[in-house]
Amino acid sequence: QVQLVESGGGLAQPGGSLSVSCAASGFTFSRYVMGWYRQAPGKQRELVARISSGGITNYADSVKGRFTISRDNAWNTVALQMNSLESEDTAVYFCNAYGGPYGTNYWGKGTLVTVSS
């Protein structure tokens, strides 16, 4: 059974930092592209960052230079470090795994990040 369980998140002030983490199980983690997406109220879900099985990363323009995605293939985890947070970063953050022979997407249930003074 595939599981993606997010943790972390919460409340931060503008300019502050937070991190979210995702623990994966039930699939061959090291072979999947892992990503973080977010969905703000009233908006569509959007890609924040993703990292390939080999560690190649790409980021949404809005978070470049502020967020860092990393993965640990030994522990089947992926993390997102968020610095210099802005109110526009407020959203539910979802962990995503993409890969396998059929291009399957797996999703976590999400964790809320709120940036407010």
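The values are calculated or read from the model by the stated rules, or taken from the named source; none is laboratory data. The shown structure was predicted, so the numbers you read here are calculated from the model rather than taken from an experiment. Neighbour counts run over all protein chains shown; Cβ positions are idealised from the backbone, glycine included. To get the accessible areas, we keep the full protein, side chains included, count just its heavy atoms, and leave off ligands, DNA and RNA. Shrake-Rupley method; radii C 1.70, N 1.55, O 1.52, S 1.80 Å.
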task: Note the full-extension length gain between Ser25 and Lys109 as 0.36 nm times their separation in residues minus their Cα-Cα distance, in nm to one decimal.
output: 28.8 nm
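Quote to one decimal, in nm, the extra length available between Arg66 and Gln1 on full extension: 0.36 nm per residue of separation minus the C-alpha distance between them. List each step's numbers first, then the result.
Numbers: separation 65, 0.36 × 65 = 23.40 nm, distance 3.38 nm.
The span from Arg66 to Gln1 would gain 20.0 nm if fully extended.
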Whole-number percent relative contact order across the chain, with pairs defined as alpha carbons under 8 Å at least 6 apart: 36 percent
query: Considering only Leu4, Pro41, Val92, whose Cα is most displaced toward the positive end of the charge dipole of the chain, charges sitting on Cβ of Lys, Arg (+1) and Asp, Glu (-1)?
result: Leu4
field: Residues Ala40 and Ser84, FRET efficiency given R0 of 22 Å [Cβ-Cβ distance, rounded to 0.05]
entry: 0.80
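What accessible area per residue, rounded to a whole number of Å², is obtained for segment 7-117 using a probe radius of 1.4 Å? Write down the numbers at each step before the final one.
Values: 5950 Å² over 111 residues.
Per residue, segment 7-117 has 54 Å² of solvent-accessible surface.
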Residues with amide H under 5 Å from that of Gly16, placed H, sequence gap 5 or more: Leu85
- line: For the pair Tyr98 and Thr57, the simple spin-label estimate (label points 7 Å beyond Cα toward Cβ) gives in nm 1.8 nm
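For the chain, give the percent of accessible area contributed by carbon and sulfur heavy atoms, probe 1.4 Å, rounded to a whole number.
On the way: 3050 of 6390 Å².
Exposed carbon and sulfur together represent 48 percent of the surface.
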